[in-house]
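The values are calculated or read from the model by the stated rules, or taken from the named source; none is laboratory data. Just so we're clear, the structure is a prediction, and the values are computed from it rather than from any experiment. Cβ coordinates were reconstructed from backbone atoms using ideal geometry, including for glycine residues, and neighbour counts include every protein chain displayed. Side chains are part of the model used for accessible areas, which takes the heavy atoms of the whole protein and leaves out ligands, DNA and RNA. Shrake-Rupley method; radii C 1.70, N 1.55, O 1.52, S 1.80 Å.
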Amino acid sequence: MYAGLVSCGIVVGLTACSDTWDEHYESLGDSSGMHDGTLWQAIKSNPELSNFASVIEGCDFARYLDGSQVFTVFAPTNDQFSQSEAQALIADYQQQVADKVVEEDNTVLKEFIQNHVALYNYSVSSASEDSVTLMNGKYAVLKSTDIDGVKLLTKNQLYGNGVLYTLEKPVSYLSNVFEYIRKDADLDSLRSFLYDSKFYKREFMPELSVPGSIVDGKTQYLDSVFKQSNELFSIIGRISTEDSSYIMVAPTNAVWKQLIEEYEPYFNYPENVNRRDSLVYTNSRRAIVEGTTFSRTFNTDESLKDSAMSESSMKAYSYRKQMWGAPFEYYQYRKPLTAPYGALAHNDKVTCSNGEVYKASQWNIDKLMSFNRYIIVEAENRNSIKEVSKVLDHGDSVNSVSAVSRYVTNDNRFYDHVWSNSYVEFQPNYATVNHSVTFNLKDVLSNVGYDIYLVTAPALASDSNATDAQRLPTVVRFTIHQPGKADEKINGENGKVKDFVTTADSIDYLLVAEDYKFDVCTYGVDDEDMQATLKVETHVGSSQLRNNVYTRSMRIDCVLLVPHGSLELVDALPSDDNIPSKAWGTPGLLMYPHGKYTDRPYKWWYMQR
């Protein structure tokens with residue numbers, strides 16, 4: 001979560017020493033020294049600033065400019081700021097007060113008055129060019145001739161509590177990315193989610209605020225500081241801050257509606273899951289916004305010619321492997337500007353104070369590159385195994401199989417062809433029975449087709465001197481369990497339970513089920529009793545065991561759940577300069593994503609076989 005501190009009132013400044021100020025401003029050659037009175041008195045008495053003065057007074061801001069605080073004010077003259085414009089602002093301010101809009105959210109204060117006032121004193125000289133922080137947090141460039149391109153008519157006019165400039169016209173207010181989304185009617189659906197009170201909060205911080213007088217036993221604050229936080233900033237970045245720069249792809253209302261209709265069925269949680277409705281709402285919408293923001297720190301104009309790395313991506317190989325089980329480049333998009341379905345292509349670009357919003361009427365963020373990911377259940381992960389089979393031995397229930405971790409060394413020919421270069425060998429404790437191991441299939445999406453693989457390793461992968469008996473294949477059967485449903489055995493074409501035979505001396509990808517759909521989603525569900533499971537059990541007859549045809553030992557690397565249609569088998573490695581010199585996979589076994597969103601020569605995924 002990202003938390004920002006927002007000052008919504010006035011911060012106490014330093015009262016100026018008039019002798020020092022006189023010397024400074026006289027040296028600029030653009031002031032007659034210290035003027036009598038306050039900034040407010042100067043503004044009020046200047047007929048060319050009457051319209052600006054009416055807004056200051058009508059919005060109850062004059063008390064600040066008439067006090068001891070130090071400000072710099074950039075006041076537009078009446079020439080290009082009319083009385084009718086001033087009255088419209090006052091009416092807008094008063095309506096927001098009547099509607100009980102809090103002061104820091106009042107757009108007239110924030111976008112007009114505070115857009116023309118800075119804390120402390122700023123001066124210009126003939127060669128100056130400074131960045132000024134306005135009261136609303138925006139940055140403005142102040143030169144000797146203008147502020148953000150608006151001509152200075154008079155400058156460096158020093159008064160008892162600050163400096164006054166007069167302007168040719170008002171300074172335009174430029175929304176940041178977060179603010180723009182709130183204003184654009186085409187983005188109402190996105191706004192409703194990002195500004196939802198479940199995520200977006202503000203907390204008053206008295207320890208950082210400036211206390212004033214006490215009225216009716218309560219402290220009145222001259223400056224109220226609030227901590228603004230939004231849980232969603234942790235996945236989309238600090239799009240509300242002025243000192244960062246972002247690109248955000250924002251779906252229009254029509255696109256949002258289409259995506260919600262498509263994505264909500266993917267998050268169909270079991271009825272008895274705690275806060276089910278909230279999980280459906282949040283995660284289906286989070287699936288849309290994750291991977292849509294890009295920090296300009298990492299995404300320069302030059303780098304965007306090749307790829308766009310979103311805030312949800314993992315920049316380091318080790319983090320990707322830890323997060324996703326392999327160094328997939330999820331949330332990173334190739335040729336975002338030029339590919340036919342590039343992530344940033346075919347959008348209307350809007351300039352904001354801290355970046356750009358790309359209004360998307362065509363959605364090019366591929367779910368296969370974002371939330372609809374591989375699920376890799378590593379056998380050696382202690383949380384992967386739900387249970388192993390048991391037998392009765394002298395009245396006690398004991399495990400019928402022992403799990404032994406095996407490792408592939410870098411001098412072995414199977415090195416880098418086994419996921420994480422490790423697997424688990426499940427060895428029978430009792431020769432007279434078949435046995436089983438049940439894996440948890442966590443974080444599955446509902447109504448998404450998965451191709452489910454069991455990946456097995458040969459005995460040679462951990463022992464180049466394995467005996468013939470150790471190298472025997474095995475026969476296994478599979479049972480899938482879904483929460484709330486009867487167990488489902490995997491059958492063959494004839495309706496009978498299907499036997500799967502591993503291949504001796506080879507890594508096997510046994511296709512357990514193709515385009516298999518789970519009825520309920522378990523993404524983010526911790527309750528083990530609500531997980532989908534895959535049971536793997538040996539089916540080797542006693543005579544097959546005695547005759548050394550098969551073994552009842554299982555060497556399991558992992559269970560893979562691959563989004564259906566996202567991969568393609570190839571017979572040989574294509575000759576392509578963009579494939580790494582150390583090829584990931586072997587001919588006949590390499591897999592890579594394909595489809596309209598993937599510029600295939602540039603996008604190769606890690607599938608060790």
Exercise for the section: Could you tell me which numbered condition T77 fails, if it satisfies all but one of (1) surrounded by fewer than 21 Cβ atoms within 10 Å (Cβ to Cβ); (2) hydroxyl-bearing (S, T, Y); (3) within 17 Å of Y159 (Cα to Cα)? Expected result: (3)
Completion exercise
Taking segment 38-72 and keeping residues in contact with a strand residue (DSSP E or B) (Cβ under 7 Å, 6 or more places away or on another chain) and among the hydroxyl-bearing types (S, T, Y) leaves T38, T72
Practice task
Specify the residue that is modelled with the highest pLDDT; the eligible residues are those in segment 553-571 that are part of a loop (DSSP other than H, G, I, E, B) and open to solvent by 10 Å² or more (accessible area, probe 1.4 Å).
Solution key: S553
Exercise for the section: Could you please find all residues in segment 410-429 being open to solvent by less than 30 Å² (accessible area, probe 1.4 Å) and part of a loop (DSSP other than H, G, I, E, B)? Expected result: N412, F414, V418
Practice task
Scan segment 145-197 for residues that are surrounded by 15 or more Cβ atoms within 10 Å (Cβ to Cβ), over 24 Å from the mean Cα position of the chain (by Cα) and polar (S, T, N, Q) and jot them down.
Solution key: T154, N156, Q157, N161, T166
Practice task
Within segment 246-269, identify whether any single residue is farther than 23 Å from N372 by Cβ, among the aromatic types (F, W, Y) and either modelled with pLDDT of 95 or more or open to solvent by less than 20 Å² (accessible area, probe 1.4 Å) (or both), and answer yes or no.
Solution key: yes
Practice task
Grab the strands (runs of 3 or more DSSP E) fully contained in segment 258-336, keeping just those with 2 or more residues being in contact with a Cys (Cβ under 7 Å, 6 or more places away or on another chain).
Solution key: none
Practice task
Examine segment 188-202 for a residue that is farther than 30 Å from S128 by Cα, assigned to a loop (DSSP other than H, G, I, E, B) and touching a Leu at 6+ places or on another chain (Cβ under 7 Å), and state whether such a residue exists.
Solution key: yes
Problem - Output for segment 337-355, where each listed residue is surrounded by fewer than 20 Cβ atoms within 10 Å (Cβ to Cβ) and not in a loop (DSSP other than H, G, I, E, B) - result: D348, K349, V350, T351
Completion exercise
When A343 is run through (1) within 29 Å of D184 (Cα to Cα); (2) at pLDDT below 90; (3) small (G, A, S), the failure sits at (2)
Handout entry: Every pair of residues 6+ apart whose Cβ atoms lie under 6 Å, when the first sits in segment 33-60 and is more than 16 Å from S84 (Cβ to Cβ) while the second is polar (S, T, N, Q) and open to solvent by less than 30 Å² (accessible area, probe 1.4 Å)
Key = T38/N161; L39/N161; E48/T77
Handout entry: Search result, residues across segment 356-369 that are modelled with pLDDT of 90 or more, open to solvent by less than 40 Å² (accessible area, probe 1.4 Å) and out of contact with any Lys or Arg (no Cβ under 7 Å at 6 or more places or on another chain)
Key = V357, K359, A360, W363, N364, I365
Practice task
Examine segment 223-235 for a residue that is aromatic (F, W, Y), at pLDDT 90 or above, open to solvent by 30 Å² or more (accessible area, probe 1.4 Å) and within 24 Å of S278 (Cα to Cα), and state whether such a residue exists.
Solution key: no
Problem - Residue pairs meeting the criteria (Cβ under 7 Å; at least 6 apart or on separate chains; first over 19 Å from E242 (Cα atoms) and of a type outside the set (S, T, Y), in segment 128-150; second open to solvent by less than 10 Å² (accessible area, probe 1.4 Å) and assigned to a strand (DSSP E or B)) - result: V150/L167
Exercise for the section: Could you tell me whether A466 is farther than 20 Å from V388 by Cβ and among the aliphatic types (A, V, I, L, M)? Expected result: yes
Handout entry: Selection from segment 176-222 of residues that are touching a strand residue (DSSP E or B) at 6+ places or on another chain (Cβ under 6 Å), at pLDDT 95 or above and hydroxyl-bearing (S, T, Y)
Key = Y180
Problem - Criterion (surrounded by 18 or more Cβ atoms within 10 Å (Cβ to Cβ), among the hydrophobic types (A, V, I, L, M, F, W, C) and in contact with a strand residue (DSSP E or B) (Cβ under 6 Å, 6 or more places away or on another chain)) met by exactly one of M309, M314 - result: M309
Handout entry: Of residues in segment 54-74 being of a type outside the set (G, A, S) and part of a helix (DSSP H, G or I), the one most open to solvent (accessible area, probe 1.4 Å)
Key = R63
Exercise for the section: Output the residues belonging to segment 107-163 that are assigned to a loop (DSSP other than H, G, I, E, B) and among the small types (G, A, S). Expected result: S123, S125, S126, A127, S128, G137, S144, G149, G160
Handout entry: The listed residue being within 21 Å of R555 (Cβ to Cβ), at pLDDT below 95 and aromatic (F, W, Y), out of F478, F414, F439
Key = F414
Practice task
Go through L174, L190, L167 for me and flag whichever is under 27 Å from F74 (Cα atoms) and touching a Pro at 6+ places or on another chain (Cβ under 8 Å).
Solution key: L167
